[in-house]
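Q: Before I ask anything, here is the structure I am working with.
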Amino acid sequence: MNRLPQIDLLSFWIGAIVASIFWAILSALRPSLRGAIEAIKKQSMEAKLRASSGIEDSHRKIVYRQSQEMHLAASLFALDEIVLESRLLSPPAQIEPGMAPHHEDIVERTIPYLPEWPEIGGFYGAQTLSLAEALSGQARIVITGQPGAGKSTALATLASQVVNRHPDVANLHDTIPFLLHVTDLGLPLAEPKKPEELLAPIIEHQSNRAAVFDIARIPNFVQYAFQSGQALLLLDGLDEMPQPQVQEASVYLRLLLRAYPQTRVLVAGAHEYIDGMLQLGFIPLTLMAWTPQKQQQFLNKWDALWQKYVRNESWAQTAPEVDSLLLKRWLAVDNLGLTPLEYTLKIWAGYAGDVRGPRPLDAIESHIRRLAPPNTPPEALQVIGAQSSLNNLASFQSDQAKEWVKAFDQAAESASQQPATSEAPVEDAEAVSTESAPETAQQEEQKSQKKSPAPVANTSLVNKLTSSGLLKSLPKNRLRFSHPVFGAYLAGQALRGPGAAEPILNQPVWSGRTQVLRYLAAFTDTTPLIQNLLLESSDPLLMRPQLTALRMLRESPRNAPWRNTVIASLLEILQNEDNPVALRGQIMAAFALNNDPNIGALFRQLLQSPSDELRGLAALGLGILRDTKAVDNLGYLLSQSIGTTQRAVCLALVAIGTPAALEAVAKALLQGDEDLRQAAAEALANDPQEGHEALREGITSEDILMRRAIAYGLARIPEEWAAELLQKTQIEDTQWVVRNVAVELLDSRSRPDPRIPRRLTPPAETPWLIEFAGRQGMGISPGQVANDILMQAFKGENNDERRAALSYLRHTPNEGIIGEFYRAYFGDDRELKEMVYHVIKDYASGGAQLPPPMQFGLG
């Protein structure tokens, strides 16, 4: 019989004690070991950085050169010479329970948040953010805006500032920028098996621009930038893509950010569609439109650079001589609502002497003709625009384009084979547009060599258009228009025939579709398309088809048979009190910016409405129009209204700016109650001449209520003298009521700006949500989505908790959440309705399918 081995109890207990001591020491040292491991990793990365320092310098130079060419007038000026600072319309403040109170100025409290129409916020002085400020909260950002708003230029400008470590982007000095167009990625990619494979298109993009001796080091450098979290990806072009290509880009970004979650990303997108971006944590922010002051600043820059670089060039001598002062005066008027692209083209046509008319359409036509090679049939350009639009293509194969214009190439070839009637030299196959710089010595030598009668091979029209700059070459032998506006404009010219544009209307929503419909309205009777849009009932909350018809107003002729129908239909939406102010505000904006002389009378009539919201919107519209006929009506309304309407009237009167209008506001500042005085003072901050002078003088008034109101006005002026007066007031004013206001306003400036988007912390690490869950007797586990708890917070009575919950729920659309939002939308809480409207709108642009409200027994 086998006996069990005897255990030496002494040895057993000694071993147990030693093991316990060992594990206790190991547990105590674990944080230090973890720190040591992290330090080793950091040292390893720093060693890689030192090894790649040379390649980083080369990379930054490449990105800088690339940025200087990414703007419309790159053939004339470098970007840094002509660019104006790009600003973003500040979103509503991101509020959380426990935060210090946020001061809302007159614009935040009066004008609805209208990201689709930033011209309104820009006109009335809404708060803005720089791109660097927007990224300072570690959030991922989608820049939205209409085509031509300057999104590509904004990305290029940020890349230039980061490369040069500009003081305005100090929070991004440690980043490594990568500036790409989405077509550079060659999507869709084959299924990546390793995270490094996701970087292959970025590596290829950089390698194509690098010096030969740097190419071998680029893969390690790019991998290091993304692995270390220093990469700043600036991705252009998603705003130009139809839905399938946006979806491909969204899939790529999801995989990339899963592999490299610390990557900072800024993407150019469109209001119409940003598939899946919300679920990736992206926040859409709108590029601010140019104000009249910015337009004047740009005109002055252009004039100085034109006189310095262009005026004396031989190719510019053909332009008729025009007095510079008269030209600048003409270019400085009738620019309301123009995008930066449209205003740039208007200025360019004026200085180049090829103006075709006063409309934005005329400036686009001038530029296309300037870019097109000599003797190019306009019909050939229109065919390319039409075919790319009809086929739902933002980019297309070169061979495909050549097939579209084959008939024009054949006609040109036949003409070239006719007997020559003169000894004129053959045109260079790579035709250069009239906007190009003077010929170099090498070009002149090549031209002299062509004087011999040797035959020259015919070059296809597509190649000529690529050489001239109207088409842009892409990887994989693809092409696109140098700007999507040009392709949409040409498509609008081409699709004039009966029924020719119906396939455009049937496409899934994307920015190219919207633009083609806009330009179609300029060139043909679009009554059938308009009727389809107005009668569409599949989107009862957002009314996107009806708002698309609204976009078609500005370019259409004043005698278009459908205009009155559109205005009447949308006027019903504007007057409907059940609709959110943010929806009705879009209609007001479109009416005000469509240059219709009859709109002023319509707004004046709406001032008689019993609805405070409608009267406020009408007043804002009259201010944008600077309608002097409305001054008496607005002055009367100022004394007969309260709240939002009263503030809107103050803003409108200051915008109109006549002596009578400013006198009405001054009277309100002198004689009104506290709220009216504050509104008047804040509105006067929008007038840099009389308004600022009135505030400067009024802060020393003996009237306590006036000084208190003027403190609010001074806080809206972003100039040093105003800040100094506010600081002096908080110390020296004799009344604590005035001092307290000044202290509060200065303190709000020193706190972090709640309008800067912040990357959301996981629910299990969010203090306010943990506290809320505790009050409900619930807990939040790490990794838990916590939608149920967030929805309880949303349905509660605490407004700060509601807004904080919405910040999370906007990134997780599902049918249950949408149903609860619908119930809030159709409820009695107007403020909640406005907040929910914006979230539902984000869901729709993010690709979520919105169920009909009837599914939930609503509507």
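Q: For Ala568, state whether it is at negative phi, open to solvent by 30 Å² or more (accessible area, probe 1.4 Å) and at pLDDT 95 or above.
A: On the way: at negative phi: yes; open to solvent by 30 Å² or more (accessible area, probe 1.4 Å): yes; at pLDDT 95 or above: yes.
Answer is yes for this residue.
Q: Still on this structure, please answer the following. Going by the conditions given, is Arg209 touching a residue at least 60 places away in the same chain (Cβ under 8 Å), under 24 Å from Lys151 (Cβ atoms), in contact with a helix residue (DSSP H, G or I) (Cβ under 7 Å, 6 or more places away or on another chain) and open to solvent by 60 Å² or more (accessible area, probe 1.4 Å)?
A: yes
Q: Regarding region 479-494, can at least one residue be identified that is modelled with pLDDT under 95, open to solvent by 40 Å² or more (accessible area, probe 1.4 Å) and either in contact with a strand residue (DSSP E or B) (Cβ under 6 Å, 6 or more places away or on another chain) or not in a helix (DSSP H, G or I) (or both)? Steps first, answer last, please.
A: Filtering region 479-494 for residues modelled with pLDDT under 95 gives none.
Scanning region 479-494 turns up no residue that is modelled with pLDDT under 95, open to solvent by 40 Å² or more (accessible area, probe 1.4 Å) and either in contact with a strand residue (DSSP E or B) (Cβ under 6 Å, 6 or more places away or on another chain) or not in a helix (DSSP H, G or I) (or both).
Q: A further question on this structure: Select from region 133-145 the residues that are outside any strand (DSSP E or B) and out of contact with any Phe, Trp or Tyr (no Cβ under 9 Å at 6 or more places or on another chain) and write down the one among them that is most open to solvent (accessible area, probe 1.4 Å). Break it down into steps so the answer makes sense when it comes.
A: We begin by selecting, within region 133-145, every residue outside any strand (DSSP E or B); these are 133-137, 139, 145.
In the following step, the residues that additionally are out of contact with any Phe, Trp or Tyr (no Cβ under 9 Å at 6 or more places or on another chain) were identified as 133-137, 145.
Numbers: Glu133: 74, Ala134: 0, Leu135: 1, Ser136: 53, Gly137: 17, Gly145: 8 Å².
Only one residue fits best here, namely Glu133.
Q: On to the next question. Out of the helices (runs of 4 or more DSSP H) lying entirely within region 604-676, which hold 2 or more residues that are over 23 Å from Pro688 (Cα atoms) and open to solvent by less than 40 Å² (accessible area, probe 1.4 Å)?
A: 612-625, 643-656
Q: Just one of the numbered conditions (1) surrounded by 17 or more Cβ atoms within 10 Å (Cβ to Cβ); (2) closer than 30 Å to Gln515 by Cα; (3) more than 19 Å from the chain's Cα centre (by Cα) is not true of Val251; which one?
A: Status for Val251: all satisfied but (1).
Q: From (1) touching a Leu at 6+ places or on another chain (Cβ under 7 Å); (2) of a type outside the set (S, T, N, Q); (3) at pLDDT below 95; (4) over 28 Å from Glu502 (Cα atoms), pick out the condition that doesn't hold for Ile347.
A: That leaves (3) as the condition not met.
Q: For residues that are under 19 Å from the mean Cα position of the chain (by Cα) and open to solvent by less than 10 Å² (accessible area, probe 1.4 Å), scanning just region 254-271, find the one that is farthest from Gly150 (Cα to Cα).
A: Restricting to residues being under 19 Å from the mean Cα position of the chain (by Cα) and open to solvent by less than 10 Å² (accessible area, probe 1.4 Å), the top hit is Val265.
Q: Checking the structure you have, find out if any residue of region 72-84 is among the aromatic types (Phe, Trp, Tyr), in contact with a helix residue (DSSP H, G or I) (Cβ under 9 Å, 6 or more places away or on another chain) and open to solvent by 10 Å² or more (accessible area, probe 1.4 Å). Explain how you work it out, then say what you get.
A: Our first condition is that a residue be among the aromatic types (Phe, Trp, Tyr); within region 72-84, this holds for 77.
Those still in the list that are in contact with a helix residue (DSSP H, G or I) (Cβ under 9 Å, 6 or more places away or on another chain) too: 77.
Keeping just the survivors that are open to solvent by 10 Å² or more (accessible area, probe 1.4 Å) gives none.
The answer is no; no qualifying residue exists.
Q: If you don't mind, another one. Cβ-Cβ under 6 Å, sequence separation 6+ or interchain: first residue in region 158-178 and part of a helix (DSSP H, G or I) and modelled with pLDDT under 95, partner charged (D, E, K, R) and surrounded by 14 or more Cβ atoms within 10 Å (Cβ to Cβ). Which pairs?
A: none
Q: Determine if region 164-183 includes at least one residue that is open to solvent by 10 Å² or more (accessible area, probe 1.4 Å), among the hydroxyl-bearing types (Ser, Thr, Tyr) and touching a Gly at 6+ places or on another chain (Cβ under 8 Å).
A: Yes; the residues of region 164-183 include at least one that is open to solvent by 10 Å² or more (accessible area, probe 1.4 Å), among the hydroxyl-bearing types (Ser, Thr, Tyr) and touching a Gly at 6+ places or on another chain (Cβ under 8 Å).
Q: Could you look through region 773-804, keep only residues that are closer than 18 Å to Arg823 by Cα and among the small types (Gly, Ala, Ser), and pick out the one that is least open to solvent (accessible area, probe 1.4 Å)?
A: Per the criteria, the residue is Ala793.
Q: Could you please find all residues in region 515-532 being part of a helix (DSSP H, G or I) and either among the small types (Gly, Ala, Ser) or open to solvent by 10 Å² or more (accessible area, probe 1.4 Å) (or both)?
A: Once the filter is applied, which keeps residues that are part of a helix (DSSP H, G or I) and either among the small types (Gly, Ala, Ser) or open to solvent by 10 Å² or more (accessible area, probe 1.4 Å) (or both), region 515-532 yields Arg518, Ala521, Ala522, Phe523, Thr527, Pro528, Leu529, Gln531, Asn532.
Q: Please count how many residues of region 731-745 are closer than 15 Å to Thr700 by Cβ and either open to solvent by 70 Å² or more (accessible area, probe 1.4 Å) or not small (Gly, Ala, Ser) (or both).
A: Residues flagged as closer than 15 Å to Thr700 by Cβ and either open to solvent by 70 Å² or more (accessible area, probe 1.4 Å) or not small (Gly, Ala, Ser) (or both) within region 731-745 amount to 7.
The values are calculated or read from the model by the stated rules, or taken from the named source; none is laboratory data. Note that the structure is a prediction, hence the values are computed from the model and not measured. Backbone-built Cβ (ideal geometry, glycine too); neighbour counts: all protein chains shown. Just so you know, the surface numbers come from the protein's heavy atoms only, side chains and all, with ligands and any DNA or RNA stripped out. Shrake-Rupley method; radii C 1.70, N 1.55, O 1.52, S 1.80 Å.
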